[in-house]
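The values are calculated or read from the model by the stated rules, or taken from the named source; none is laboratory data. Bear in mind the structure is a predicted one, so any value in this text is a computation, not a measurement. So basically every Cβ, Gly included, is an ideal-geometry build from the backbone, and we count neighbours across all protein chains shown. Just so you know, the surface numbers come from the protein's heavy atoms only, side chains and all, with ligands and any DNA or RNA stripped out. Shrake-Rupley method; radii C 1.70, N 1.55, O 1.52, S 1.80 Å.
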Amino acid sequence: AKGMGRNNYQVYQAVSEESNQQRIALESNLRKAEDNGELRVYYQPQIDVESEDIVGMEALVRWEHPELGMISPGFFIPLAEETGLIVGIGEWVLRTACADAYAWQQRYGLRLRVGVNLSAVQLRQKSLPKMVADALSSSGLDPSSLELEVTESISVKSVTNLMENLDALHEIGCQIAIDDFGTGHASLDYLRRLPARRIKIDQSFVRNIGVDPDDEAIVKATIDMAHSLKRDVVAEGVEIEPHLRFLREHHCDEVQGYLFCRPLPAQAFDRMMAERQRL
Ligand code: C2E
Ligand code: CA
Ligand code: CA
Ligand code: CA
């Protein structure tokens, strides 16, 4: 048993040394990803439950690594946050999303809204509202068409400038959405203090519609509470018809999920919009 323990230790060390090297390599690659044109913004439509119209889309970043292929944000965003690279990447995503949204509004004559995720690191930056205002004016996009998604796991207390920045962004005319609603421990505090127009019910609750009556009760209560406070509700991770049926029955405003569409590269999103309009 002693020998085994030692082996395990050696294996563990080898793995962690290798992953440390991989990490360093990945970090230096990530540093160059934007300049090398390896970042992509994918778009996932948001659908009005009543009309079934596409009313907006969420911008989701991807990294097309030359050797490793498409890397998902769940993997590289944490690294980007630790290294501060998220500030540059986040700005690039925002500028790209504003430009794409403006082009689609012009082409399709719709008031499409675009949602962009903000990291805690970005929300701490004093220069954030100025950067956002500049991205809006250089793209031509109306501020009311930009929605900034702030995840509930960000603590109001520990992030300096958070409230000031959110108030300033609200002042500019942007919309604020509370992302991953219900998963943090500050849902109600957030709802009370943030100038948020919309909340996004986390997919961990939506997934359990038809499975767990407790989660169904949470979804229903969240929608009712949000509506009492004059906030709109988006449910994310809507994968199957019964999810949609439940959400429609309980007056959820908008849905987003694989049932309608996976996140698409900009070109494919554009083609989908063109095809829908031809109907
Ligand atoms: P999120 O903001 O909660 O985004 C929703 C995630 O759920 C996306 O994963 C999306 O592809 C996925 N999704 C959409 N519909 C469904 C569905 O029906 N079923 C399931 N199982 N999943 C669905 P993605 O694109 O991998 O992004 C993961 C997370 O990475 C995002 O979670 C967000 O927190 C972060 N992220 C993505 N893009 C950015 C960005 O530009 N900046 C920052 N700071 N974070 C980003
Ligand atoms: Ca989001
Ligand atoms: Ca979310
Ligand atoms: Ca999430």
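Name the residue that is farthest from ligand 1 (Cβ to nearest atom), counting only residues in region 91-131 that are out of contact with any helix residue (DSSP H, G or I) (no Cβ under 6 Å at 6 or more places or on another chain) and of a type in the set (V, I, T).
T96
Among the residues of region 181-206, count how many are within 16 Å of ligand 2 (Cβ to nearest atom) and open to solvent by 50 Å² or more (accessible area, probe 1.4 Å). Steps first, answer last, please.
Let us first name the residues in region 181-206 that are within 16 Å of ligand 2 (Cβ to nearest atom), namely 181-184, 187, 190, 194, 196-206.
Narrowing further to those that are open to solvent by 50 Å² or more (accessible area, probe 1.4 Å): 183, 197, 203.
Selection size over region 181-206: 3.
Taking region 241-265 as the search range and keeping residues that are open to solvent by 60 Å² or more (accessible area, probe 1.4 Å) and under 21 Å from the mean Cα position of the chain (by Cα), which one is nearest to ligand 1 (Cβ to nearest atom)?
Of everything passing the filter in region 241-265, Y258 is nearest to ligand 1 (Cβ to nearest atom).
Which residues, counting only those in region 219-234, are assigned to a helix (DSSP H, G or I) and surrounded by fewer than 17 Cβ atoms within 10 Å (Cβ to Cβ)?
Those that are assigned to a helix (DSSP H, G or I) and surrounded by fewer than 17 Cβ atoms within 10 Å (Cβ to Cβ): A221, D224, M225, H227, S228.
When only residues in region 38-72 that are open to solvent by less than 40 Å² (accessible area, probe 1.4 Å) and in a loop (DSSP other than H, G, I, E, B) count, which is nearest to ligand 4 (Cβ to nearest atom)?
V49
Of all residues in region 73-93, which are more than 18 Å from the chain's Cα centre (by Cα) and either within 16 Å of ligand 3 (Cβ to nearest atom) or open to solvent by 60 Å² or more (accessible area, probe 1.4 Å) (or both)?
Once the filter is applied, which keeps residues that are more than 18 Å from the chain's Cα centre (by Cα) and either within 16 Å of ligand 3 (Cβ to nearest atom) or open to solvent by 60 Å² or more (accessible area, probe 1.4 Å) (or both), region 73-93 yields only E82.
Report whether or not I178 is touching a Phe, Trp or Tyr at 6+ places or on another chain (Cβ under 6 Å), touching a residue at least 24 places away in the same chain (Cβ under 8 Å) and open to solvent by less than 70 Å² (accessible area, probe 1.4 Å).
When the stated conditions are applied, I178 passes them.
Quick one: V211 ticks every box in (1) open to solvent by 70 Å² or more (accessible area, probe 1.4 Å); (2) outside any helix (DSSP H, G or I); (3) within 22 Å of G115 (Cα to Cα) bar one, so which box is it?
Of the numbered conditions (1) open to solvent by 70 Å² or more (accessible area, probe 1.4 Å); (2) outside any helix (DSSP H, G or I); (3) within 22 Å of G115 (Cα to Cα), the odd one out for V211 is (3).
If you take the residues of region 111-131 that are more than 25 Å from K32 (Cβ to Cβ) and in contact (Cβ under 8 Å) with a residue 12 or more places away in the chain, which of them is farthest from ligand 3 (Cβ to nearest atom)?
K126
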